[in-house]
Amino acid sequence: MIYILDRTRALVTSASRRLRLAPSLLSADFAELGAAVAAAEAGGADALHLDVMDGHFVPNISFGPALVRAVRSRTKLPLDVHLMIQKPAQYVEAFAAAGGSTLVFHVEADGSPRELIPKIRALGVEVGLAVNPETPLEAAARWLGDLDELLVMSVHPGFSGQSFLTEALPKLRQARAALDTMGSNAELSIDGGVTAETGAEAAAAGASFFVCGNSVFTGGRVESNLAMLRDAVVAGAKRAVR
C-alpha cells in the first residue's frame, strides 16, 4: 500500500483513504476561540470537531447552533458537529443551517436512524453515527452502508480530558473490516483521549479520522502538536499494513 500526502496534509492511501485530524474545540480556550480556530487551520487541521451537549444525553452543556455559526464565519474547514443530545431530530435543521458539514448523532439517542439518516442527508450535509463505549458495534451495523462517518467513542461522552479506553481498539478493527468488506468510503472516526500514542494504535486498528482535543490545545503549541499527531497516525497506519 502506497502512502501519499496531499496538499491539505491529509494522508492518502492507495485505497483512497485519508488520515484526517479534527481538533476538538471543546478543549480550546473559549475566550480565544477565534485564535484557536486560526491556529488549528494554520497547523494543517483537516476539519474541526464541535461537541454539542444538552445536559440530558450527557451530564454537561456545551455548544449550540450560534457557536457553530460563529466558527463557520472564521474558517472554511469542514465542521464535524457531534450531537451528544437526546433528541437529535429536533435540531438537525438548525445545525445544518449554522454551517455544519457533517452531523453525527448517537445510535443510543431517541429516534430511529432509519428516519434520521435521510433527514440529515436531505439537508445537504453528510451524516455520521456514533457508538458509545458500552454499545456493541452491532447496534450500528445495519446502517453502515448509509453513513459518511462512523464514530467510535473511546471515552464516555460528556467531558474532555478523559483517558483513552483500549476496548475501542477491537471495535475499530471490527468496524474497519465491515466497512472494507462493503467497499464503503465512510470515515472511521475515533473520539476521546487521542494522543500520539493512542492515535497510532487507533490508526493501526483502522481509524481514518482522529478527533483530538487536549493533545492539540495543551500548552498553546497547536501547530507542533498537530505535526506530532500526524506523524504518529501515519506511523500507526503503516504498521497496520506490514
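What follows is calculated from the coordinates using simple rules that are stated; it is not laboratory data. What you see is a predicted model, and the numbers here were worked out from it, not measured in a lab. Positions of Cβ are generated from backbone atoms using ideal geometry, with glycine treated the same way; all protein chains shown enter the neighbour counts.
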Could you work out the relative contact order of the chain, using alpha carbon pairs under 8 angstrom and six or more residues apart, expressed as a whole percent? 19
Springs between alpha-carbon pairs under 10 angstrom, Gaussian network model over the chain: which of Thr102, Thr198, Thr135 fluctuates most? Thr135
Only Cα pairs within less than 10 Å get springs; with that Gaussian network setup on the chain, which residue of Ala204, Ala31, Ala39 has the largest fluctuation? Ala31
If the elastic network links every pair of Cα atoms under 10 Å, which of Val125, Val155, Val52 fluctuates the most in the Gaussian network model of the chain? Val125
Nearest-0.05 FRET efficiency for Lys119 and Ala66, computed from C-beta distance (R0 22 Å): 0.50
DSSP beta bridges in the chain [antiparallel fraction, %, rounded to 5]: 15
Order by neighbour count: Arg142, Arg69, Arg176, fewest other Cβ atoms within 10 Å first, most last. Arg142, Arg69, Arg176
What FRET efficiency do you get for Glu138 and Gln162 if R0 is 25 Å and r is their Cβ-Cβ distance, rounded to the nearest 0.05? 0.55
Full-stretch length increase - Ala94, Thr181 - with 0.36 nm per residue and alpha-carbon distance subtracted: 27.8 nm
Rank the residues Met53, Met153 as a footprinting-exposure proxy: fewest other Cβ atoms within 10 Å of their Cβ go first. Met53, Met153
Multiply the residue gap between Glu108 and Ala42 by 0.36 nm, knock off their C-alpha separation, and tell me the result in nm, one decimal place. 20.2 nm
